[in-house]
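Structure first, commentary second.
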Amino acid sequence: MPLLAARDLHLALPDRSARPLFGRPPLTPILKGIDLVLEPGESLGIVGESGSGKTSLGHALLRLLEPTGGTLLFEGRDITHLPEPQLRPLREGMQFIFQDPLSSLNPRHRVEDILAQPLLAFLRVKTRKEARIRARELLERVHLPAAFATRYPHELSGGQRQRVGIARAIALKPRVIVADEIVSGLDVSTQAQILLLLKELKREDALIFISHDLSVVRVLCDRVLVLQQGAVVEQGPCGQIFARPQHPYTRALLSAIPLPDPETGWIDRDDLPVEVRP
Ligand SMILES: Nc1ncnc2c1ncn2[C@@H]1O[C@H](COP(=O)(O)OP(=O)(O)OP(=O)(O)O)[C@@H](O)[C@H]1O
Ligand SMILES: [Mg+2]
């Protein structure tokens, strides 16, 4: 059974540019008939130019936004319009990692409390003490020193913060993680370390990796889906799409980015610091 499946998924949002004096603003279509299937353990890249609907699709797939048409199945269950109280127990199985960890991590909380919060909220631990022990285990999984537990988000580097974001996302052992542009804004070697970490973790969970950087999708993902103006123009195994893109839009996206040779295995480089090697 697929982990996640979208059939003819549509999403329309209120048009922010139109502000009528009375009544609701008109809806503007954002996603137009998306079909996709995500199998357990699989990683799917979502690519497309800015404004093509990648983030909106990620939000819709995890029901952070409610679709306005079509069907969304999570582990075979129809969650398209499932109300929040019924959705809540499923939420621990689906996690979203945001692009900017500084704005998604509470600046007034120490790292250990940030990591303890989902564990306590979903009753995975009984006491605060137990939660703090688990928080340190999570730091270890993302290769951060246990001493970071008592730091605040602003006391970490961008890459370290993103590791905390990943640690928080994996705390509840989700079935699927959506990572939205999580390496943009980091320098190339930090990017490689974060990608290496994701590669290591994705063996257990299914991953949806949103990126405008096709070279990154190519090394990390099994399959790729290309979005243009809210619709899928092409999807399939990375090897196939990158070797023989069928759609002119995909070809244009590919030609815009110098791709490293995937055979060189640049992500598995051994010149990375020891603590981030698998
Ligand atoms: N809350 C909203 N209300 C109305 N329109 C929105 C909303 N959020 C996004 N949009 C519009 O939906 C379209 C898709 O936006 P989205 O953020 O999903 O694109 P994206 O592919 O993630 O872009 P980027 O690469 O810049 O992050 C855009 O035209 C955007 O203006
Ligand atoms: Mg986006």
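The values are calculated or read from the model by the stated rules, or taken from the named source; none is laboratory data. Quick caveat: nothing in here was measured; it's all calculated off a predicted structure. Cβ coordinates were reconstructed from backbone atoms using ideal geometry, including for glycine residues, and neighbour counts include every protein chain displayed. When the accessible area is computed, the model is the full protein with side chains, heavy atoms only, and any ligands, DNA or RNA have been set aside. Shrake-Rupley method; radii C 1.70, N 1.55, O 1.52, S 1.80 Å.
Things to note:
- Checking every one of the trypsin sites (Lys or Arg not before Pro) in segment 144-228 against DSSP loop status and a limit of 12 other Cβ atoms within 10 Å picks out R203.
- Estimated from helices alone, the mean residue ellipticity of the chain at 222 nm is -9500 deg cm²/dmol (sum of -39500 (n - 2.57) over DSSP H runs with n ≥ 4, per residue).
- Residue-normalised accessible area of segment 1-118, given per residue in Å² at a 1.4 Å probe: 51
- What a 1.4 Å probe finds exposed on segment 17-105 is 54% carbon and sulfur by accessible area, rounded to a whole percent.
- Only Cα sites of segment 1-150 enter the Debye sum here, all with the same form factor; the resulting log10 I(q)/I(0) across q = 0.11, 0.12, 0.15 1/Å is -0.59, -0.69, -0.98, listed in q order.
- Over segment 99-158, volume per residue of the alpha carbon convex hull, in Å³: 89
- Contour minus Cα-Cα distance for M1 and S104 (0.36 nm per residue): 33.8 nm
- Spacing of the two label points (7 Å from each Cα toward its C-beta) at E140 and D35, in nm: 4.7
- Dimensions of the chain from C-alpha coordinates, computed as largest minus smallest value along each principal axis and given longest first, are 51, 48, 41 Å.
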